[in-house]
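The values are calculated or read from the model by the stated rules, or taken from the named source; none is laboratory data. Just so it is clear, the model here is predicted, and its values are computed rather than measured. Cβ atoms come from the backbone with ideal geometry, glycine included; neighbour counts cover every protein chain shown. Quick note on the areas: whole protein, heavy atoms, side chains included, nothing else; ligands and nucleic acids left out. Shrake-Rupley method; radii C 1.70, N 1.55, O 1.52, S 1.80 Å.
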Amino acid sequence: MFPTLEVRWFQRGRVPDDVRQWFAASDPAPTSEPPRVDHYMCLPRSNALGIKLREGRIEIKRRLHQYGTVQFHRQASGVIEHWRKWSLPLATTQDDLKEILVPASSWISVRKERMLRGYRCEGEGQVVAIPVTDLGQGCHMELTDVQADDRMWWTLAFEAYGAEPSLRSSLASIMGYIFDRGGAPCPLDAKDSFGYARWLALLQQGA
């Protein structure tokens, strides 16, 4: 079980150049992951549950709570969500996966190109950069182009992970650090702030 506290925004189109430059502006450079395709089970009436197949694993993600809208910066307001995730290996080959993904109408394939940064709070609230592979205690900042059914979106997210009692303070400190240093990359509105579960539901409703 992997608990997280997250704030995420979705926008239509590809990541704008100025947002990409904002994300890449500080040292060390962000980690760019190879493009990948995740397969999400269609759950059109659920904003609080996600089931996906990712790189030989099945991941189940359930939202426990929404903490409402928070003003993080004069141009950035968003909704904090508390999630728990379970990840299990699939005892299948790539050919078996094709059978799992039937019927096709039960799944949505999402292509992702992600950039990541990692941060952790140390001492008296000091924020330091860490490798994105360090999953002990910290926060990932993510910028991703997502494509589903030839529709392009992009998403910016902050995901605090580690011991649950410290997630709220870690998320607040690291988001404050990022926005105090570089401002918001563009207007980020609470109406566009939600997790993948709601975004996928919107897609299935024709958004």
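In whole Å, how far is the Cα centre of the stretch 21-62 from that of the stretch 172-203?
When both Cα centres are located, 15 Å separates them.
Under 14 Å from the Cβ of residue 28, count the other residues' Cβ atoms, weight Lys and Arg +1, Asp and Glu -1, and hand me the total.
Local net charge: 0.
Where the only charges are on Cβ atoms (+1 Lys, Arg; -1 Asp, Glu), what is the dipole of the stretch 1-123 about its Cα centre, to the nearest 20 debye?
Magnitude of the dipole: close to 360 debye.
Probe of 1.4 angstrom, ligands and nucleic acids ignored: what's the accessible area per residue over the stretch 59-207, in square angstrom?
Result: 49 Å² per residue.
Within the stretch 1-93, list the GluC sites (Glu not before Pro) lying in a DSSP loop whose Cβ has at most 15 other Cβ atoms in a 10 Å radius.
55
Counting only protein heavy atoms, what percent of the accessible surface of the stretch 94-207 is carbon or sulfur at a 1.4 Å probe?
The C+S portion of the solvent-accessible surface of the stretch 94-207 is 49 percent.
Above 23 Å lies some portion of the pair distances; for the stretch 111-207, what is it as a whole percent of all C-alpha pairs?
33
Under 10 Å, Cα contacts only: if you run a Gaussian network model on the chain, which one of 133, 155, 69 comes out with the highest mean-square fluctuation?
Answer for the Gaussian network model of the chain: 133.
Restricting things to alpha carbons, tell me how big the chain is in terms of Rg and Dmax, in Å.
Both quantities, over Cα of the chain: 16.9, 53 Å.
Counting Lys and Arg as +1 and Asp and Glu as -1, each charge on the Cβ, what is the dipole of the stretch 56-207 about the Cα centre in debye, to the nearest 20?
About 260 debye.
Along the charge dipole of the chain, pointing to its positive end and built from +1/-1 on Cβ of Lys, Arg, Asp and Glu, which listed residue (91, 68, 162) has its Cα farthest out?
68
Of the trypsin sites (Lys or Arg not before Pro) in the stretch 19-67, which ones lie in a loop per DSSP and count no more than 15 other C-beta atoms within 10 Å?
Those that pass, being in a loop and sparsely packed, are 45.
For the chain, set up a GNM with springs between Cα atoms under 10 Å and report which of 186, 139, 121 has the largest fluctuation.
186
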